[in-house]
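*Asks:* Sharing a structure with you now.
The values are calculated or read from the model by the stated rules, or taken from the named source; none is laboratory data. On a predicted model such as this, the values are computed, not experimentally measured, just so you know. Neighbour counts are summed over all protein chains in view; Cβ atoms, including those assigned to glycine, are modelled from backbone coordinates with ideal geometry.
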Amino acid sequence: MQEEATIQSHKALVFSAIAFTISFAAWMLNGVLVTYLVNTGVFRWNAVQTGWLLGVPVLVGSVMRLPVGVLTDKFGGKIVITGILLLSAIPMFFLSKADNYITFLLLSFGFGLSGSSFAAGVAYVSAWYPKKMQGTALGIFGAGNMGAAITTFFAPRILLSLTKNGTEIEAWRLLPQLYAAILVVTAILFFMGVKSKMSDSKQTLAQRMAPLKQVRVWRFGLYYFFSFGSFVALSQWLIPYYVNVYSLSIVFAGAMATAFSLPSGIVRIIGGWLADKVGARIVLLWVFGVCLVCLVFLYVPRMEIQAPGQGMMASKPGEVVSVTDGEIVIGEDTYQIQTNEGESTQVGIHFGIGNEKEEFLLLPTASFKQVPVVEVGDKVSKGQLLAKGVTHIYFQANKWIFSALILLIGIMMGFGSAAVYKHISDYYPTSIGAVGGIVGMLGGLGGFVSPIIFGLLLKATGVWTTSWIFLSIIALFCIIFQRLAIKAVKQNNEASA
């Protein structure tokens, strides 16, 4: 660990951040490419097959973070990061030759290695900076998360350009070739631009892995599962969410997903700086609390409900003489029917982008009317139902309010991801590669597992907002475990005083 930052430290940080950004962009490619290929009919893969193609790169990149972190502690980040970029470029290039599901799946396994570059970068950057600056440095490095935004924003547009708006559909194969070329160029620039730097620690492999037996490491993993894993999951999940819930086009949905993922990467820099200044524990407490509140506000789905309301009953027996929209006449008695037709039509659902007919509704609205259930000539008895009540409840779940909450959640996740790795550098300065690897693996697994859980919850309930309920439960567990840990620390300090 360096005592002071130098020009070489800053060069290592800049090149590492660029390498991670490109790696992350490649890691997220299937989210756009597979969706495009299925929607255009190039491949007829079902939902399960598509789900595996989206999840496999995330899974591989997550699982490989532990061994990559250990290798970085042993051989240094320059060699390991360069190797990851070059090795990922090979299956990425051959993805352009894939013409069946198995081939596409196996090659997705291959380029999924790019996601493991994070563990190597954390250990490498940490070795260049003193402890007091590691939070800020790791925050800048972690801003490479914006690679997700690069892919979700640019890849759909590049595909449309390459295929000439779908008229030359086979030109999609140029996209993975382009990504492979960028990975190779990045590897060359990184290798030429940085110097080797090894960890000062001379620990054996067993000593490096020893912290993994501690509960604290797995608690950090839970924090990262929420802050980073949920970020990765939502970067892909938000596209079908916007399409299905708000009927947006795929391009527009991709832009909205980019609006979520881009700030999260940028604010990670601020998160690292804050963790240095006020402590990672305080930052994480605010992250979990704010996210929990926002997620609760997202519980209520966009909905239109028609429920039974107060009906109208006959006060005495008789024969129905007349029935109109406004009244029912029985003998000499007239019953006025309640109608709110005008108000009811105001809450009609109008889907579409930029549709001027849809009002901005902050809170649920309700209207009530009565509908006759008798006809002229019917003989009714006292207390018989003449008109049933119908209550119409509509909650718009306005997409701009929804997007604002999602944006705030994304920003807080960026803060949280940086704070977790500040925790690691504080508690495990000589095992950052190994500990960062296991924590990164758990976070990446969150990106793999969460969309699967989202899909299962959606299938079981038919409600899209169950995803927010699941994430809020994870956030709540993070708060509980953090409070328990703080309490244990205070008790130990009091006992030793």
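*Asks:* Which of the following residues is under 30 Å from T40 (Cα atoms), polar (S, T, N, Q) and at pLDDT below 80: N244, N340? Break it down stepwise before answering.
*Replies:* Details: N340 fails: under 30 Å from T40 (Cα atoms).
Result of the check over N244, N340: N244.
*Asks:* Do we find a residue being part of a helix (DSSP H, G or I), over 13 Å from the mean Cα position of the chain (by Cα) and under 24 Å from C478 (Cα atoms) anywhere in segment 251-266?
*Replies:* Start the filter on segment 251-266 by keeping residues that are part of a helix (DSSP H, G or I), which leaves 251-266.
From what's left, over 13 Å from the mean Cα position of the chain (by Cα): 251-253, 255, 266.
After this cut, where a residue has to be under 24 Å from C478 (Cα atoms) as well, the list is 266.
Within segment 251-266, one or more residues are part of a helix (DSSP H, G or I), over 13 Å from the mean Cα position of the chain (by Cα) and under 24 Å from C478 (Cα atoms).
*Asks:* Would a scan of segment 424-440 turn up a residue that is within 23 Å of G31 (Cβ to Cβ) and surrounded by fewer than 17 Cβ atoms within 10 Å (Cβ to Cβ)? Before you say what the answer is, go through the steps one by one.
*Replies:* Residues of segment 424-440 within 23 Å of G31 (Cβ to Cβ): 440.
This time we only want the ones that are surrounded by fewer than 17 Cβ atoms within 10 Å (Cβ to Cβ), so: none.
No, the conditions are met nowhere in segment 424-440.
*Asks:* In addition: Just checking, how many residues over segment 156-175 are touching a Leu at 6+ places or on another chain (Cβ under 7 Å) and touching a residue at least 12 places away in the same chain (Cβ under 8 Å)? Write out each step before concluding.
*Replies:* First pass over segment 156-175, keeping only residues touching a Leu at 6+ places or on another chain (Cβ under 7 Å): 158-159, 162, 171-172, 174-175.
Still in the running and touching a residue at least 12 places away in the same chain (Cβ under 8 Å): 158-159, 162, 172, 174-175.
Qualifying residue count for the region: 6.
*Asks:* Only one of these is surrounded by fewer than 17 Cβ atoms within 10 Å (Cβ to Cβ), modelled with pLDDT of 85 or more and out of contact with any Lys or Arg (no Cβ under 6 Å at 6 or more places or on another chain): V293, V283, V287. Name it. Don't jump to the end; show me each part of the working.
*Replies:* On the way: V283 fails: surrounded by fewer than 17 Cβ atoms within 10 Å (Cβ to Cβ); V287 fails: surrounded by fewer than 17 Cβ atoms within 10 Å (Cβ to Cβ).
Answer to the selection: V293.
*Asks:* May I ask you to list the residues in segment 136-145 that are of a type outside the set (A, V, I, L, M, F, W, C) and under 20 Å from Q8 (Cβ atoms)? Talk me through it step by step, then tell me what you get.
*Replies:* Going residue by residue through segment 136-145, those that are of a type outside the set (A, V, I, L, M, F, W, C) are 136, 139, 142, 144-145.
Across segment 136-145, the qualifying residues are T136, G139, G144.
*Asks:* Identify, from the list F118, F94, the residue that is over 18 Å from L37 (Cα atoms), assigned by TED's automatic domain parsing to the domain that holds L274 and either of a type in the set (F, W, Y) or part of a loop (DSSP other than H, G, I, E, B) (or both).
*Replies:* F118
*Asks:* In segment 361-383, is there at least one residue being loosely packed, with under 14 Cβ neighbours inside 10 Å, at pLDDT 75 or above and at positive phi?
*Replies:* yes
*Asks:* Check segment 121-129 and report whether any residue there is of a type in the set (A, V, I, L, M), closer than 15 Å to V32 by Cα and under 27 Å from the mean Cα position of the chain (by Cα). It would help to see each step written out before you state the result.
*Replies:* Going through segment 121-129, the residues of a type in the set (A, V, I, L, M) turn out to be 122-123, 125, 127.
Adding the requirement that they be closer than 15 Å to V32 by Cα leaves none.
Checking segment 121-129: not a single residue is of a type in the set (A, V, I, L, M), closer than 15 Å to V32 by Cα and under 27 Å from the mean Cα position of the chain (by Cα).
*Asks:* Quick one: which of L292, L274 is closer than 28 Å to V489 by Cβ, within 20 Å of the chain's Cα centre (by Cα) and in contact (Cβ under 8 Å) with a residue 24 or more places away in the chain? Break it down stepwise before answering.
*Replies:* Details: L274 fails: within 20 Å of the chain's Cα centre (by Cα).
The unique qualifying residue is L292.
*Asks:* Let me ask something else about it. Kindly indicate whether G142 is in the same structural domain as G77 (by TED's automatic domain parsing), within 22 Å of P91 (Cα to Cα) and of a type in the set (G, A, S).
*Replies:* Values: in the same structural domain as G77 (by TED's automatic domain parsing): yes; within 22 Å of P91 (Cα to Cα): no; of a type in the set (G, A, S): yes.
No.
*Asks:* What about S230, is it under 18 Å from S417 (Cβ atoms), at pLDDT below 85, in a helix (DSSP H, G or I) and of a type in the set (S, T, N, Q)?
*Replies:* Answer is no for this residue.
This table checks each residue for (1) closer than 22 Å to W273 by Cβ; (2) surrounded by fewer than 16 Cβ atoms within 10 Å (Cβ to Cβ).
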{"residue": "K131", "(1), (2)": "yes, yes"}
{"residue": "F141", "(1), (2)": "yes, no"}
{"residue": "S161", "(1), (2)": "no, yes"}
{"residue": "I169", "(1), (2)": "no, no"}
{"residue": "P176", "(1), (2)": "no, no"}
